[in-house]
Amino acid sequence: MTQLIQRLTILVITVTSTITVPVLTTSAQEAQINERDGQSPALTKSAADQYLLKDTDRQLTEFQTEQKPADQQIRVPDEEDLISMLSKGSSTRAARKACLAQLPLDQLTPANRTNAEYVLKDLSMFRTLPKIQFEVNHSAYAFFIAHPDVVVSIWREMKLSEFQMWQTGPYSYEVDAGDGTVGTLEVIHQTPKETIVLCSGVYKSPLIAKPISAKA
């Protein structure tokens, strides 16, 4: 009750101290995201909400307090400025052995471990992706890890990809790459630091006689 009174007080002071009254609108998509994850803070541009942000999220609004001359040209950072590569990808036997040893199979449920070992015992292709490092907002990163379908929807809205993803269960998804590849994904293990996903898919094309099936 005390927090509610504090929020209303800040909002009233902000509105009455200005000539124009800001109008806040919420889209249907924002409402769905807030409904799915009530713990994710709703970031807005109002002065009142800036006082209510968590400390871990405050860096998202720091740019609003920076006063820059209007005639000063701001350089847009490129990919090299934002992302650092720690190691390159590899397909060597040593890399494969090291990755297999790091899998926490003993922490999986019996059913998930059986499914994982079925894939691992017959690997026809293996490669570790490059290890990269970049700054993120922890709350936003955790939300997108828990809701990968939201990330895919953002890609589509930004015209970056035609990939589609639908959540079909608490930890399962269906996907369509738009090129003849369809499949399912199931999160079988997840911690704040690592996620293991079991994938199964089929690729169909008029150029090949039979569909190609794969698991990963």
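Between SER200 and GLU135, the modelled labels are 4.4 nm apart [label points 7 Å from Cα along Cα→Cβ].
Diffusion coefficient of the range 136-216 by Stokes-Einstein, Kirkwood radius over Cα pairs, 10 °C, 1.306 mPa s: 113 µm²/s. Remark: the ALA177-ARG93 segment gains 27.3 nm on full extension, using 0.36 nm per residue and subtracting the alpha carbon distance.
Rule-of-thumb check for the range 75-130: C-alpha Rg over 2.2 N^0.38 Å?
Against the compact-globule rule of thumb, the ratio is 1.61.
Short-range pairs are left out: with C-alpha atoms under 8 Å and at least six residues apart, the relative contact order of the range 75-130 is 63 percent. Considering only VAL175, ALA214, HIS147, the residue lying farthest towards the positive end of the dipole of the range 136-216 is ALA214, judged by Cα position with unit charges set on Cβ.
Close amide H pairs (under 5 Å, H built 1.01 Å from N) link THR168 with TYR173, GLU174, residues at least 5 positions away or on another chain.
No lab work stands behind these numbers, since they all come straight from the coordinates. A quick note: this is a predicted structure, and the numbers were derived from the prediction, not measured. Positions of Cβ are generated from backbone atoms using ideal geometry, with glycine treated the same way; all protein chains shown enter the neighbour counts.
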